[in-house]
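Participant: For reference, the structure I am asking about is given below.
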Amino acid sequence: MKIVIVGGGPAGLMAAEVARAAGAQVDLYDAMASVGRKFLLAGKGGLNLTHSEPSEKFLSRYGARRAQIAPLIATFGPDALKAWARGFGIETFVGTSGRVFPKDLKAAPLLRSWLRALRRAGVQFHVRHRWIGWDEKGALRFTTPEGNRSIQADVVVLALGGGSWPKLGSDASWVPLLAERGVRIAPLQPANCGFDVGWSEHFRMKFAGHPVKSMAVVLRSHTGAESWHPGECVITETGVEGGVIYTVSAALRNEILANGSATLRLDLAPDRNIPRLTHDLSRPRSKRTMAAHLQRQANIEGVKAGLLREVISKDDFADPARLAIAIKSLPVKLIAPRPLKEAISTAGGVLFEALDAQLMIRRLPGVFCAGEMLDWESPTGGYLLTACFAAGRAAGLGAVDWFTKRGRG
């Protein structure tokens, strides 16, 4: 049984691990000069492997695709992932936010140990092999530095990533290759991304690159219900990005798609309510400037004061009640998500409805899909990696099971 895996990220490597452990001959192909490049870059600031929150809340992070992701997580979830890492000598810890990290925070030691184990187990790696579809005999076609190659396989697992960070290999070149075979694919969109605002030149020049701390995002659903998301963001040349923005990016992106724009509401004083702010801001200014008054009475200064001046009118500054409301729910108009290539991850991809329960493409028997190329998304926080590992494991086991049953039949 020869299984070919295309793509050397976490999903592809996990598929290789379980398929080889089941006795398959496994050859893994990757377009880049080395595997796991996006995994390494994602861990550059500290590898967020998974999350420690309760299962119900954890699964809610997968939104509309919870029902499809839940069975994968059930067989290889956060606890299993931590135990798997421990098998390579990588102990983990839970950060203050509930995120789970390796004790040294680094991705490289885990990846090196994993690749050594895979090679010792007999997995064959072939780098600088870019998949370009199938030939007339059904063999997989690759471009290589030495020219084109055709590779026969009994079973195939595609783990080609989405369309974000294309320089690291996830360039979405697989989309037309599967689409021309009739595979249903949701359009790829940026996820965990920044947004364009259209700042004034003055604000952009003065505050681009400045972090906005001690704040929250207030998100309103189509029913009018509000949710409150504390965190931080960064003002960019074109708009906003950062952790709390990524948390709500799917809702904001979808609102822009539906309405042409979205309103991001910023709570610039999350530790105070409107009555208290109104009371404090109503105190006499005396000879103080408005900037000094805001700083003294509401702890609003720097980029936060700049945001207020960018968005609200002079009349609003003169009315303590209106100013307090603006501080607690400052409306910032978002006009577009940043391009897919800048996003941390991808929404859209191969529809689960095009797959069977083991992640095999129904129209292409013997071809399985895993990882970010599937149609799901989640915020950052360890959810992305956990689902990629789990999907890779499911596809690898599914590939072995399909071939085994086919042989018996």
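The values are calculated or read from the model by the stated rules, or taken from the named source; none is laboratory data. All figures in this text were calculated on a predicted structure; none of them were measured in a lab. Heads up, the Cβs are rebuilt from the backbone with ideal geometry, glycines too, and the neighbour counts pull from every protein chain shown.
Participant: Quick check on the range 253-299: of everything there that is closer than 24 Å to Ser221 by Cβ and basic (Lys, Arg), which residue is farthest from the chain's Cα centre (by Cα)? Break it down into steps so the answer makes sense when it comes.
Facilitator: Taking the range 253-299 as the starting set, the residues that turn out to be closer than 24 Å to Ser221 by Cβ are 253-270, 273-274.
Still in the running and basic (Lys, Arg): 253, 265.
On the way: Arg253: 14, Arg265: 22 Å.
Step by step, filter the range 253-299, then rank; the result is Arg265.
Participant: All but one of (1) more than 18 Å from Gly231 (Cα to Cα); (2) surrounded by fewer than 16 Cβ atoms within 10 Å (Cβ to Cβ) hold for Leu308; which doesn't?
Facilitator: (2)
Participant: Oh, and also: Condition first: under 30 Å from Gly63 (Cα atoms), in contact with a Ser or Thr (Cβ under 6 Å, 6 or more places away or on another chain) and modelled with pLDDT of 95 or more. Can you find one or more residues in the range 215-230 that meet it? If you could, list the steps in order and put the result at the bottom.
Facilitator: Just the residues of the range 215-230 that are under 30 Å from Gly63 (Cα atoms), to begin with: 215-230.
After this cut, where a residue has to be in contact with a Ser or Thr (Cβ under 6 Å, 6 or more places away or on another chain) as well, the list is 218-219, 229.
Then keep just the ones that are modelled with pLDDT of 95 or more; that gives none.
Scanning the range 215-230 turns up no residue that is under 30 Å from Gly63 (Cα atoms), in contact with a Ser or Thr (Cβ under 6 Å, 6 or more places away or on another chain) and modelled with pLDDT of 95 or more.
Participant: Hey, any hits in the range 270-281 for a residue that's touching a strand residue (DSSP E or B) at 6+ places or on another chain (Cβ under 8 Å) and either among the small types (Gly, Ala, Ser) or surrounded by 13 or more Cβ atoms within 10 Å (Cβ to Cβ) (or both)?
Facilitator: yes
Participant: Please determine, by comparing only the residues of the range 300-347 that are in contact (Cβ under 8 Å) with a residue 40 or more places away in the chain and part of a loop (DSSP other than H, G, I, E, B), which one is nearest to the chain's Cα centre (by Cα).
Facilitator: Residue satisfying both the conditions and the ranking: Ile344.
Participant: Among the residues of the range 277-293, are any more than 23 Å from Pro211 (Cβ to Cβ), at pLDDT 95 or above and assigned to a loop (DSSP other than H, G, I, E, B)?
Facilitator: no
Participant: Counting just the residues of the range 127-179 that are assigned to a strand (DSSP E or B) and β-branched (Val, Ile, Thr), which one comes out nearest to Glu377 (Cα to Cα)?
Facilitator: Ranking the candidates gives Val157 first.
Every residue, every condition in (1) modelled with pLDDT of 95 or more; (2) farther than 20 Å from Ala336 by Cα; (3) not assigned by TED's automatic domain parsing to the domain that holds Gly366, yes or no:
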residue	(1), (2), (3)
Arg149	yes, yes, no
Ser164	no, no, no
Leu168	no, yes, no
Ala179	yes, yes, no
Pro187	yes, no, no
Ile235	yes, no, yes
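Participant: Okay, moving on. Here is a list: Gly224, Gly209, Gly231. Which entry is outside the structural domain of Arg65 (by TED's automatic domain parsing), surrounded by 15 or more Cβ atoms within 10 Å (Cβ to Cβ) and free of Cβ contacts under 8 Å to residues at least 40 places away in the same chain?
Facilitator: Criteria check complete, one pass: Gly231.
Participant: Would you be able to tell me the number of residues in the range 5-23 that are crowded, with 23+ Cβ neighbours inside 10 Å and on the phi < 0 side of the Ramachandran plot? So that I can check it myself, show each step before the final result.
Facilitator: The initial filter retains those residues of the range 5-23 that are crowded, with 23+ Cβ neighbours inside 10 Å, namely 5-16, 19.
Subsequent filtering for residues that are on the phi < 0 side of the Ramachandran plot retains 5-6, 8-16, 19.
Going through the range 5-23 one residue at a time, the tally reaches 12.
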